[in-house]
Each structure stands twice: as structure tokens, then as C-alpha cells.
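Data first, discussion second: the structure below is written as C-alpha cells.
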Amino acid sequence: MQEYITVLREARAEYTEKHSRFLAALTPCESEEQAAALLRDVRSRYWDAKHHCYAYSLADGTRRFSDDGEPHGTAGKPILEVLEGSGLTNVLLVVTRYFGGVLLGTGGLVRAYSKAAKDAVNAAERAKMTPCTVLRTRCPYADHDRLIKLIEAAGGVPENTEFADEVTLIYHLQSGAVPDFLDRLCEGFAAKITAEPVAETLCPVKIFD
């Protein structure tokens, strides 16, 4: 699994040029089907706007863009260029335009769509999708709190907890931290509590500027 940079959640921005409003929405997106669904949501949200220009970039190398009725090359491609310059992957960036009655010309459109797209990128919370190992651990109730502290100290993130005869915790750690965590787990509980690997996956780790 290969690391990549994406966004944690939707980020929005708005830019006005000669009374035309450009509303940008940058959203996490993992497939073309999801991109289509997200685009439908934006069209529904801004149903009275004429243009919903977009670009998306996926981890499998897929790149798509659309001018959605604007002059060729003035919207979708500039939005895609902003995405490619940002280093973001698995994202959809839609810029909706409300026409303000004044023609901007091709150069003006390129600048306006690029500006709105860049503002949305700059507003986004970034995350690195990092290889992680999902683990399962069972422990007596008396050891639950101490186990949670050990997991959190290793940078682990709890995903699910089940309470039955014992407590079962599902959590993930960055894969590189697993060997040291297993050593600490063994030492801390005298080898009475173990961690069973469940899956390997990519998990978001927030990037702090």
C-alpha cells in the first residue's frame, strides 16, 4: 500500500469576480462512482446555478475534468492543474458559478476558476493516508483502562469495543509502530494479553502545518 495525501473532510471557498460568484467545494473521493454521486449533491445544493465545473484525481491514476458549458479549457483543466499542483489524491473539486451579468473572457474565467480552486485547497485539512495494522485484543475488565492508555501512547486509534465476558478492542496503529507496541504489551501485561493482527489498511494521519 502506497501513502498519499488527501483531505479529511469537505472544504469550501467563495470568490467573486465582476459580480460572478464562484463557489468551490473540495471533497474526499475514492472512486469515479463516488465522484458522480458527490457531483449530484453539489448540483442539488446549487440547483439554480448554470455551471458546475469540476476535476478529480484518484489514487489509481484516474484524472477527469469538465468545463460544464464554459468555453473549452477555461474551467475544468485549470481546476485539475490546481489539484495536481497541490499534491492531493482521492479528491473531487467542484467550482460552481453564478453568472453576474458581466462577461469575463477566457483569461478571466481561467483566473477566477483557478483562484476559487486554490482557496478551497488552502482551506482544507490535509491528511496522509498511511499504512496501518488493525489489531484485536481481548482483556479482563480490570485491565481495560491500562490497555487503552498503552494503545493511545503508541499512537493507536480505537475503532470498536465489545463488552462480554471479557473486553474486546479493535484498534489500528501505524504499521511501523507495531513491533515496539507488541513488546510493550508483552512487558506491561507479563505476556498474558496479546494483539492479533486483523487487517492491513490505509488510515488518515492529520498533517499539521
Handout entry: Computed helical MRE - 222 nm, the chain, DSSP H runs ≥ 4 contributing -39500 (n - 2.57), nearest 500
Key = -10000 deg cm²/dmol
Practice task
Check the straight Cα-Cα distances from Lys115 and name the aspartates and glutamates below 13 Å, setting aside those fewer than 8 residues away within the same chain.
Solution key: Glu14, Glu17, Glu81
Fill in the blank from the handout: Probe 1.4 Å, all chains present, heavy atoms only: Glu159 accessible area in Å², nearest 10, is 100 Å²
Exercise for the section: Please give the helix 105-123 orientation as an angle from the longest Cα principal axis of the chain, in degrees from 0 to 90, rounded to the nearest 10. Expected result: 20 degrees
Problem - Segment Arg64-Glu152, length gained on full extension (0.36 nm per residue, minus Cα span) - result: 27.7 nm
Handout entry: Accessible surface ranking that places the most exposed of Ile170, Ile151, Ile207 first, with a 1.4 angstrom probe
Key = Ile207, Ile170, Ile151
Exercise for the section: List the cysteines in the chain whose Cβ has no other cysteine Cβ under 4.7 Å from it. Expected result: Cys29, Cys53, Cys139, Cys186
Handout entry: Solvent-accessible surface (1.4 angstrom probe) belonging to Ser44, in square angstrom, nearest 10
Key = 80 Å²
Exercise for the section: Could you list which residues have their amide H under 5 Å from that of Asn90, counting only those 5 or more apart in sequence or on another chain, with H placed in the peptide plane? Expected result: Ser57, Leu58, Ala59
Problem - Burial ranking of peptide ranges 116-125, 97-106 (average Cβ count within 10 Å, highest at the top) - result: 116-125, 97-106
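State, as an integer percentage, the relative contact order of the stretch 63-209 based on alpha-carbon contacts under 8 Å between residues 6 or more apart. Each step should come with its number before you reach the end.
Details: 181 pairs, mean separation 38.3, N = 147.
The value is 26 percent.
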Exercise for the section: Calculate how steeply helix 178-188 sits against the longest principal axis of the alpha-carbon atoms of the chain, using the helix alpha-carbon long axis, and give the answer as 0 to 90 degrees to the nearest 10. Expected result: 30 degrees
Handout entry: Using alpha-carbon coordinates, inclination of helix 76-86 to the longest axis of the chain, degrees
Key = 40 degrees
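How much of the calculated P(r) for the chain lies past 33 Å, in percent of all Cα pairs? Walk me through the numbers before you get to the answer.
Numbers: 7702 of 21736 pairs.
Tail fraction, whole percent: 35.
Based on the Cβ-Cβ distance from Thr16 to Ala37, what FRET efficiency comes out when R0 is 25 Å, to the nearest 0.05? Display every interim value, and only then the final one.
Numbers: r = 29 Å, r/R0 = 1.14.
For Thr16 and Ala37, the calculated efficiency is 0.30.
Stretched out fully, how many nm does the piece from Ala177 to Lys192 gain, at 0.36 nm a residue minus the Cα gap? Each step should come with its number before you reach the end.
Values: separation 15, 0.36 × 15 = 5.40 nm, distance 2.05 nm.
Full extension of this stretch gives 3.3 nm more.
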Problem - GNM top mover of Val82, Val91, Val167 - the chain, alpha-carbon springs below 10 Å - result: Val167
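The values are calculated or read from the model by the stated rules, or taken from the named source; none is laboratory data. Because the structure is a prediction, the values reported are computed rather than measured. Ideal geometry is used to build each Cβ from the backbone, glycine not excepted, and the neighbour counts take in all protein chains shown. For the accessible areas, the whole protein counts, side chains as well, though only heavy atoms, and no ligand, DNA or RNA atoms are used. Shrake-Rupley method; radii C 1.70, N 1.55, O 1.52, S 1.80 Å.
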